[in-house]
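Q: Before we start, here is the structure in question, set down as C-alpha cells.
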Amino acid sequence: MHLIEPYSADKVNIKKILKETTQFDQIPGILGFIITSTDGMPIVSTLSSQIDELKISGLIAALLPSSEVAIEEMNKGKMDYIYFKWTEGYFLAMRAGSDAILSVLTEKNARIGIILLVMRRVCDKIAQIL
C-alpha cells in the first residue's frame, strides 16, 4: 500500500484511513483498492504498480458522477455504487463522503455482498476522517 502526494502530507488522516482499510485484508478475492479524491487525485492505493493511478483516479472521478447524473435523469433516486463485471472479476466504486471515492478490484470468485458491506463501512469512516 502506498500514499500518493499531495495527500501523504496529512499523516494523521492517512493513518486513520489506512487503519480502516485493513478490513479488506480479511476478505479473499480482493485484488486491490484505490481511494480517489472527487477531483481525480489518488489518495491511497493497493493497486498493482503497473497501473497508472493518476489516470485511473481521473477516470473514476469522471465515471461516478456521470453515473449519478444518469440515474437522477431517469428519476430513479440516488445511486449507491457502481458495479462492473469484467472477464476476470469485478470493479466496484462508491462515494466515501463528499470528498472521496473508494474503488475495489476483485477476482471473479469474490464474495461481492461481503465486499459491498465492508466498502460501506469503510466509506462511512473515510467520510468522517476527510
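No lab work stands behind these numbers, since they all come straight from the coordinates. Since the structure is predicted, the reported quantities are computational estimates derived from the model, not experimental observations. As a convention, Cβ positions derive from the backbone with ideal geometry for all residues, glycine included, and neighbour counts pool all protein chains shown.
Q: If packing is taken as the mean number of other Cβ atoms within 10 Å per residue, what is the order of 71-81, 100-110, 18-28, highest first?
A: Values: 71-81: 10.9, 100-110: 20.5, 18-28: 13.5.
So the order, starting with the most tightly packed, is 100-110, 18-28, 71-81.
Q: Between Asn75 and Arg121, what length comes free when the chain is fully extended (0.36 nm per residue of separation minus the Cα-Cα distance, one decimal in nm)?
A: Fully extending the segment from Asn75 to Arg121 adds 13.9 nm.
Q: Sequence gap at least 6, Cα distance under 8 Å: using those rules, report the relative contact order of the chain to the nearest whole percent.
A: Relative contact order, the chain: 27 percent.
Q: Which entry in (1) 47, 17, 12; (2) 32, 16, 15; (3) 21, 18, 15 matches semi-axes √(5λ) of the Cα gyration tensor in Å derived from the coordinates of this structure?
A: Checked against the structure: label (3).
Q: Oh, and also: I'd like to know which of Leu102, Leu117, Ile34 lies farthest towards the positive end of the charge dipole of the chain, counting +1 on Cβ of Lys and Arg and -1 on Cβ of Asp and Glu.
A: Among Leu102, Leu117, Ile34, the one farthest towards the positive end of the dipole of the chain is Leu117.
Q: Could you tell me the center-to-center distance, by alpha carbons, between segment 13-56 and segment 59-130 in angstrom?
A: Each part's Cα centre sits 13 Å from the other's.
Q: Can you tally the lysine pairs in the chain where the Cα-Cα distance is under 15 Å and the two residues are eight or more apart, or on different chains?
A: 5
Q: Let me ask another. As an exercise, use a Förster radius of 22 Å and the Cβ-Cβ distance of Glu107 and Ser49 to find the FRET efficiency, rounded to the nearest 0.05. Kindly include the intermediate steps, with their values, before the conclusion.
A: Numbers: r = 19 Å, r/R0 = 0.85.
The computed FRET efficiency comes out at 0.75.
Q: Also, quick follow-up: Separation between the Asp25 and Ser66 pseudo-spin-labels, each 7 Å from Cα along Cα→Cβ, expressed in nm?
A: 3.6
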